[in-house]
1. Residues in the stretch A:18-52 that are in contact (Cβ under 8 Å) with a residue 12 or more places away in the chain, surrounded by 13 or more Cβ atoms within 10 Å (Cβ to Cβ) and not in a strand (DSSP E or B): how many?
2. Please tell me if A:T5 is under 25 Å from A:Y98 (Cα atoms), surrounded by 15 or more Cβ atoms within 10 Å (Cβ to Cβ) and out of contact with any Pro (no Cβ under 7 Å at 6 or more places or on another chain).
3. Kindly indicate which of B:V66, B:V111 is modelled with pLDDT of 95 or more, touching a His at 6+ places or on another chain (Cβ under 6 Å) and crowded, with 18+ Cβ neighbours inside 10 Å.
4. Taking the condition of being away from every other protein chain (no Cβ under 11 Å) and touching a Leu at 6+ places or on another chain (Cβ under 8 Å), how many residues in the stretch B:47-64 meet it?
5. Give me a count of the residues in the stretch B:8-52 that are assigned to a loop (DSSP other than H, G, I, E, B) and either within 19 Å of B:D95 (Cβ to Cβ) or hydroxyl-bearing (S, T, Y) (or both).
6. I need the full set of residues from the stretch B:81-96 which are farther than 20 Å from B:H24 by Cα and surrounded by fewer than 16 Cβ atoms within 10 Å (Cβ to Cβ), in order please.
7. Those residues that are under 11 Å from the mean Cα position of the chain (by Cα), at the interface with chain A (Cβ under 10 Å from one of its Cβ atoms) and either closer than 16 Å to B:E14 by Cβ or not in a loop (DSSP other than H, G, I, E, B) (or both), I need them from the stretch B:65-106; list them, please.
Amino acid sequence: EDQVTQSPEALRLQEGESSSLNCSYTVSGLRGLFWYRQDPGKGPEFLFTLYSAGEEKEKERLKATLTKKESFLHITAPKPEDSATYLCAVQAGGGSNYKLTFGKGTLLTVNP
Amino acid sequence: DAGITQSPRHKVTETGTPVTLRCHQTENHRYMYWYRQDPGHGLRLIHYSYGVKDTDKGEVSDGYSVSRSKTEDFLLTLESATSSQTSVYFCAISDGMTQGAFFGQGTRLTVV
């Protein structure tokens, strides 16, 4: 059974204070690892896809990295508008029909 | 935003009544998914579809059924609503070729 564990559950940062969110996973044949951002009352918004260990993707103040067991979402010099819940999900290969298994998320709050 | 529309956006219903939620897409994607999101549990897959009239169960399918008679529409039915089905329901779509999935805005369902 595919499993995704995110830590910490919640994180408070001051504006400009860089940090990282962790996503540990077990999956039978990783097809892809995905990061989403979710704002209150809205659906998850796609951020990144990572396919193989060593891969990195960047978007503005966010950088996602992948190893064989975990992924990190690095947030550099965050701003209050980066406050949201960040979700990690894995997609297994083979006959999975591209289903995503999600972690419970990390609630990020950035104070001005 | 990807062309996904969920209806209704909010619904209050009584225990024991049937309820149908609708997901409509304009992207012609093959795969469609229904998730529920609850505090402490994250996003959990209820049912999914990999083509017209092709559906399968997810991890929390008890008490739910689905139908897909057209590519663009995926219906989720709660056959006899219970208070444990109070949740936020998200529909997602995927083309199975590129990235994970794109999500709708959600339906908040309250069963009283």
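The values are calculated or read from the model by the stated rules, or taken from the named source; none is laboratory data. Nothing here was measured: the structure is a model prediction, and the numbers come from that model. No Cβ is skipped: glycine too gets one built from the backbone with ideal geometry, and neighbour counts run over all protein chains shown.
1. 2
2. No; evaluated as a whole, the condition is false for this residue.
3. That would be B:V66, the only listed residue that is modelled with pLDDT of 95 or more, touching a His at 6+ places or on another chain (Cβ under 6 Å) and crowded, with 18+ Cβ neighbours inside 10 Å.
4. 3
5. Summing the residues that are assigned to a loop (DSSP other than H, G, I, E, B) and either within 19 Å of B:D95 (Cβ to Cβ) or hydroxyl-bearing (S, T, Y) (or both) in the stretch B:8-52 gives 8.
6. B:T82, B:S83, B:S84
7. B:V88, B:F90, B:C91, B:A92, B:F103, listed by residue number.
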